Amino acid sequence: MKEVKVQIIGFGFIGQSFAEVLTKRREYLKRNYNLDIKVVSISDISGTIYGDIDLIKALRTMKEKGRIVDYPNEAKVKKSSGLGIEAIENIEADLVLELTPSNIRDGEPGLSHMLAAFRNSKHVVTSNKGPLAIAFKKLKEEAEKNGVEFKFEASVGGAMPIINFAKETLAGTKIISVQGIFNGTTNYILTKMTRDNVPLDIVLKEAQEMGIAERDPSYDIDGIDTASKLVIIANAVMDIDATIKDVKIEGIRKITPELITLAKEDGYVVKLIGEVCKNKLEVSPRLVPISHPLNVGGTLNVAVFYTDIAGEVTVIGKGAGKETVSALLSDIISIYRCR
Amino acid sequence: MRISIDIELKDVPGELLRALEPIASYGGNIVSIVHLREEKKDKVPVHLIFEIDSQEKLKKILEEYEKRDISVLKIGEAKRRIVVTVGVVGHIIDTDLMDTIDRINEVEGALVEDLSLRMSDPEKESSAIFKVVLSDEEIKEKFFERLYEIAREKDLLIIKSISD
Ligand SMILES: NC(=O)c1ccc[n+]([C@@H]2O[C@H](COP(=O)([O-])OP(=O)(O)OC[C@H]3O[C@@H](n4cnc5c(N)ncnc54)[C@H](OP(=O)(O)O)[C@@H]3O)[C@@H](O)[C@H]2O)c1
């Protein structure tokens, strides 16, 4: 049995979803993968708890108190006001799950967390796309230098397999270009505009009320979120050394119900598409033929790989939500499968 | 390959069929027939486009035409014309729609063939779908260059199709 000591940095929606799944899957992982995954510390903005953590108590603490440092006082679990960086520097562990908010401006605090983890010879598994969109190359190099793994399947397309799918399942095949829908919120908005013939601002308000869109929706509807995922695909799958600054970005703010209706009459839907090929990284609304594989509705994500040997390959899946945990889990398993 | 051919037929019933038979019998696929019937002429010019998969078969068809006394005026490989669909959002009419169309048509080999437009409110931006015929694939780049130049100038949003 291989014991894996995991630190959870960022205990919000994804962190808690992961903890919940782990409580249910621990025995299964032991039995099937010979892995005993132990959470040795949890950090959020209130501080850090470490020691012999009971995940069910940790989840209950978040539900009732909203701060991880309010975990019940007991001898086997210690508390500190130190945040993620202190936890990574000072607590012994094998792997850091970096799940803090995505910050596209400077990548922080995730970027410092990841670099600290590598310096301390810890693997990193993350869903946080900010640091990757800004400093992919540096992160990759630091991980290699320290002989540890850096896995980020969850950062693109949530539960939809894309990074590992392209690198492992399609290994040996050259990927010429990738087109996809990498943002569930905008896909929801456009799908709804198409179905109900209503303007964007009305659908957006509704999506915010339903919790599908953020209060500040600009990351989504101005295409920035899609662009950061495109950068990760470009680097990880196509070996293109790019950052978010290299992406030509146009969002969906100007899309009208009239355009959608005209497109529909002509056999098209309007989708926010990210496209990457050798000399182009572009996010823009595009006309997609109704019968095209890229035409998926609701909050779904999709990616079409155009390859030399395999032809066109399409993957579709849930781009966000608690399903994202599946990608974190498979990244962790894959690290130890080859070790 | 796609063949474009101009032939001349006698103006009697059944002649067109006699011209199409050889193409069909060698497995060709007829793409278009344009019958130019002009008055007071005993010969009728016809423009045909068809697809055929080898030079040999084309040769056989032409031999057959000779036997049937059908004169060939002109023959060549037909360029595959392509239709590009683009969405446009902005003040399309106020920024001189005629000028936009003219400037697209100025690109050699490009022609705006169809345009559907909708306005929600005269004050607001309107939306349109342009269909532009390009005489061949190579024109595409030039066409888009021109389109984006116009779009920048007139602050229009261009929505390309996924295949462009
Ligand atoms: N939600 C999804 O469906 C989804 C899908 C794919 C990827 N992602 C990505 O996954 C990451 C986590 O998403 P989420 O939805 O779980 O976000 P979230 O609910 O906002 O959680 C973020 C957590 O990070 C904590 N945090 C912030 N700064 C910290 C620091 N310096 N040290 C330690 N903890 C810190 C936050 O604490 P406080 O709450 O106390 O401030 C919070 O617990 C993001 O990067 C997101 O883009 C999310």
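Short-range pairs are left out: with C-alpha atoms under 8 Å and at least six residues apart, the relative contact order of the range A:46-162 is 20 percent.
In summary, the helical segments of chain A meeting the span-like criteria, namely a full DSSP H run, a Cα extent along the axis of 24 angstrom or more and a mean Kyte-Doolittle hydropathy of at least -1.0, are A:13-33. Compared with its chain on its own, the range B:145-164 contains the following residues whose accessible area drops by 40 Å² or more in the full protein assembly (probe 1.4 Å; ligands, DNA and RNA excluded): B:L157, B:I159, B:K160, B:I162.
Centre-to-centre separation between the Cα atoms of the range A:122-189 and those of the range A:1-26: 20 Å. Only protein heavy atoms count here; on that basis, with a 1.4 Å probe, A:R119 has an accessible area of about 140 Å². Considering only alpha-carbon pairs that sit under 8 angstrom and 6 or more positions apart, the relative contact order computed for chain A is 18 percent.
Which FRET efficiency value, to the nearest 0.05, do you get for A:R253 and A:N279 by plugging their Cβ-Cβ distance into 1/(1 + (r/R0)^6) with R0 = 35 Å? The pair A:R253/A:N279 has a calculated efficiency of 0.85. Placing unit charges on each Cβ (+1 for Lys and Arg, -1 for Asp and Glu) gives the range A:130-225 a dipole about its Cα centre, and among A:F152, A:Q208, A:Y188 the Cα reaching farthest toward its positive end belongs to A:F152. Largest mean-square fluctuation among A:G211, A:G317, A:G51, in a Gaussian network model of chain A whose springs join Cα atoms under 10 Å apart, belongs to A:G211. Full extension of the segment from B:L115 to B:L36, taken as 0.36 nm per residue of separation minus the current Cα-Cα distance, would add 25.7 nm. Simple rule: put +1 on each Lys or Arg Cβ and -1 on each Asp or Glu Cβ in the range B:41-115, find the dipole, and look at B:I92, B:V44, B:I61; the Cα lying farthest toward the positive end is B:I61. Here the range B:82-160 is treated as a Stokes sphere of Kirkwood radius computed over C-alpha pairs; at 37 °C and 0.692 mPa s its diffusion coefficient rounds to 262 µm²/s. Think of each Lys and Arg Cβ as +1 and each Asp and Glu Cβ as -1; about the Cα centre, that makes the dipole of the protein assembly as shown roughly 2020 debye.
Note on chain A: with neighbouring protein chains present and a 1.4 Å probe, carbon and sulfur make up 49 percent of its accessible heavy-atom surface. With the convex hull of the Cα atoms taken as the outline of the range B:32-109, the averaged projected area works out to 9.1 nm². Going from the chain on its own to the full set of protein chains, the range B:63-108 has these residues losing 30 Å² or more of accessible surface (heavy atoms, 1.4 Å probe, no ligands, DNA or RNA): B:T85, B:V89.
The B and A chains share an interface that buries close to 1800 Å² of accessible area, total over both sides, probe 1.4 Å. For the pair the range A:213-288 / the range B:6-36, the C-alpha centres are spaced 49 Å from each other. In a Gaussian network model over chain B where Cα atoms closer than 10 Å are linked, find which of B:V84, B:V12, B:V107 has the largest mean-square fluctuation. Top of the fluctuation ranking is B:V12. For B:E64, the solvent-accessible surface computed with a 1.4 Å probe is close to 40 Å², ligands and nucleic acids excluded.
Protein heavy-atom surface of chain B, 1.4 angstrom probe: 49% of the accessible area is carbon and sulfur, with nucleic acids and ligands not counted.
Shape class for the range A:258-339: prolate, because the ratio a/c of the largest to smallest gyration tensor axis (alpha-carbon atoms, square roots of eigenvalues) is 1.5 or more and a/b beats b/c.
What is the extension gain from A:D308 to A:E92, computed as 0.36 nm multiplied by their sequence separation minus the C-alpha to C-alpha distance, in nm to one decimal? Taking A:D308 through A:E92 to full extension adds about 73.2 nm, to one decimal. For the residues B:E108, B:E15, A:E168, a 1.4 Å probe over the protein chains yields an accessible-area ranking, largest first, of B:E108, A:E168, B:E15. Based on Cα contacts under 8 Å between residues 6+ apart, chain B shows a relative contact order of 23 percent.
Computed over protein heavy atoms with a 1.4 Å probe, the accessible surface of the protein assembly as shown works out to 48 Å² per residue. Please work out whether the range A:164-318 counts as rounded, prolate or oblate from its C-alpha gyration tensor, where a ≥ b ≥ c are the square roots of the eigenvalues and a/c under 1.5 means rounded, while otherwise a/b larger than b/c means prolate and anything else oblate? It comes out prolate by the Cα gyration axes.
The share of alpha-carbon pairs in the protein assembly as shown lying farther apart than 46 Å comes to 31%. In the range A:233-279, burial by the other protein chains removes 50 Å² or more of accessible area from A:K254, A:E258, A:L259, A:L262, A:D266, compared with the chain on its own (1.4 Å probe, ligands and nucleic acids ignored).
The values are calculated or read from the model by the stated rules, or taken from the named source; none is laboratory data. This is a predicted model, so every value here is computed, not measured. All Cβ positions, even for glycine, are placed from backbone atoms using ideal geometry, and neighbour counts span all protein chains on display. With ligands, DNA and RNA removed, areas are computed over all heavy atoms of the protein, side chains included. Shrake-Rupley method; radii C 1.70, N 1.55, O 1.52, S 1.80 Å.
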